[in-house]
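First comes the structure, then the notes that go with it.
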Amino acid sequence: MPRKLPEAIRRLYPFTGKYFSHKTGKRSLNLHYLDEGAGEGEVVLMLHGNPSWSFLYREVVASLRDDFRCIVPDHLGCGLSDQPDVPGLYDLRQHTERLVALIEHLGIKKFHLIVHDWGGAIGFGLARRMPERIGKIIVMNTAAFRSNSIPRRIAVCRWPLIGAILTRGLNGFVRAAEYMTTVNPLSERIRMAYRWPHQSWATRVSVWRFVRDIPLEKKHPSRGEIRATEEGLAQFASHPILLCWGMQDWCFHGGFLKEFQRHFPKATTLSYPDAGHWLLEDKGAVIVPRIRAFLQSDLT
């Protein structure tokens, strides 16, 4: 049964979600997604990361939906999507292939792409599979290429026993994100919204599996997927691309921005020295109008 959001969160996130049932083997998985806005407008697909959900894009959706059709899924285990405790369902390839199925289900032939955090690897993996459908691209504090740069505080969360206790038992990853992803403190209501999907050991499965799926090791199961995604970036170098970066991000730091600039030398860059990882929380009032202007521009 779909979970019901508390009224305090619903006031911040006043949208009516939909569900897509995806068959994986003998299992049907229900993915929650927003489909808001102009039915005949250009489509904008927005992809979140870990440990956020479609709530991250609430102000972007509110700004765009009069003129665009906004598709904003919750990855498996996140937000209002199903949260099965099945390890093999949470690797990078599986997340990407579920989105391919969603796009096909919705009959979307062309879409702009906005990615953040793990949404970058997933989103560019999706783009690699259907490059002819990709329009403009907006990239925010993420990665879509191999990297061995990982903060110790996240590396510890990958450890088999201690990491599980920290992320699933103590909810340490989500709790830390409430305070360490922004420069400006989040309100209690916003912190509650990010915390809400992960209230128990069972419902924190995606947080743990996302961290475990960081493909650092050469023999990591997702290493081949991220390599193929990285190798596919070149085909989008001529697309209109906007790089928005919070420079106070201690995880996806400025080095990741430079790597994207290397792959996309013609991209427009907006860097914010007073914003952190969740830059839409820190600088949404400034960034959202820039996103709208970029999408409405005549760049092709």
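The fraction of accessible area contributed by carbon and sulfur in the chain is 54 percent, rounded to a whole number (1.4 Å probe; ligands and nucleic acids excluded). Packing around the peptides 237-244, 35-42, taken as the average count of other Cβ atoms within 10 Å per residue, puts them in this order, highest first: 237-244, 35-42. A quarter of the convex hull surface defined by the alpha-carbon atoms of segment 62-120 gives 5.0 nm² as the mean projection.
Residues in the chain average 42 Å² of solvent-accessible surface per residue, probe 1.4 Å, ligands and nucleic acids excluded. Three semi-axes describe the equivalent ellipsoid of segment 222-300; taken as square roots of 5 times the Cα gyration tensor eigenvalues and ordered largest first, they are 22, 19, 10 Å. Taking only the Cα atoms of the chain, the ratio Rg/Rh comes out at 0.92, with Rh defined as the Kirkwood radius. Extents of segment 13-163, largest first, come to 49, 36, 32 Å (Cα atoms, principal axes, whole angstrom). Between amide H atoms placed 1.01 Å from N, distances below 5 Å from ASN141 occur with CYS244, GLY246, all of them 5 or more places distant or on a separate chain.
Relative contact order of segment 205-300, please, whole-number percent, based on alpha carbon pairs below 8 angstrom and at least 6 residues apart. With pairs under 8 Å counted, the relative contact order is 25 percent.
In summary, the aspartates and glutamates within cross-link reach of LYS18, defined as a Cα separation below 17 angstrom excluding same-chain residues under 8 places away, comprise ASP35, GLU36, ASP74, ASP82, GLU104.
Applying the Karplus relation 6.51 cos²θ - 1.76 cosθ + 1.60 with θ = phi - 60° to segment 248-260 yields 3J(HN,Hα) values of 8, 6, 8, 9, 8, 6, x, x, 5, 4, 4, 5, 5 Hz, where x marks Gly and Pro.
Using alpha-carbon pairs under 8 Å, 6+ residues apart, how would you state the relative contact order of the chain in percent?
18 percent
Which whole-number percent of Cα pairs in segment 7-59 have a distance greater than 18 Å? Every Cα pair in segment 7-59 considered, those over 18 Å come to 47 percent.
Here the 3J(HN,Hα) profile of segment 54-70, calculated from phi with Karplus coefficients 6.51, -1.76 and 1.60 at θ = phi - 60°, is 4, 3, 4, 9, 4, 6, 5, 4, 4, 6, 9, 5, 5, 10, 10, 9, 9 Hz, Gly and Pro shown as x.
Using the Cβ-Cβ distance between SER200 and SER297 with R0 = 45 Å, the FRET efficiency computed as 1/(1 + (r/R0)^6) comes to roughly 0.50.
So what does log10 I(q)/I(0) come out to for segment 170-218 at q = 0.24 Å⁻¹, using the Debye formula with one equal point on every Cα and no solvent? So the normalised log intensities work out to -0.92. Computed from backbone phi with θ = phi - 60° and the Karplus coefficients 6.51, -1.76 and 1.60, the 3J(HN,Hα) list for segment 9-17 is 6, 4, 5, 7, 9, x, 10, 9, x Hz; x is used for glycine and proline.
Out of every Cα-Cα pair that segment 88-234 contains, those further apart than 24 angstrom amount to 39 percent.
Amide H contacts under 5 Å for GLY41: ARG69, restricted to partners 5 or more places along the chain or on a different chain, H placed in the peptide plane at 1.01 Å from N. Dimensions of segment 138-219 based on its C-alpha atoms, expressed as ranges along the principal axes with the largest first, amount to 41, 33, 21 Å.
Distances longer than 21 Å among the Cα atoms of segment 1-93: what percent of all pairs is that? When every Cα pair of segment 1-93 is considered, 33 percent fall beyond 21 Å.
Around the amide H of THR24, modelled in the peptide plane, lie the amide H atoms of LEU29, all under 5 Å away and 5 or more residues distant in sequence or on another chain.
If packing is taken as the average number of other Cβ atoms within 10 Å across a peptide's residues, how do 285-292, 27-34, 74-81 rank, most packed first?
Listed from highest to lowest mean packing, they are 74-81, 27-34, 285-292.
The values are calculated or read from the model by the stated rules, or taken from the named source; none is laboratory data. Fair warning: this is a prediction, and the values are worked out from it, not measured in the lab. Using ideal geometry, Cβ is built from the backbone for each residue, glycine included, and neighbour counts are taken over all protein chains shown. Protein only, heavy atoms only, side chains kept; ligands, DNA and RNA dropped before computing areas. Shrake-Rupley method; radii C 1.70, N 1.55, O 1.52, S 1.80 Å.
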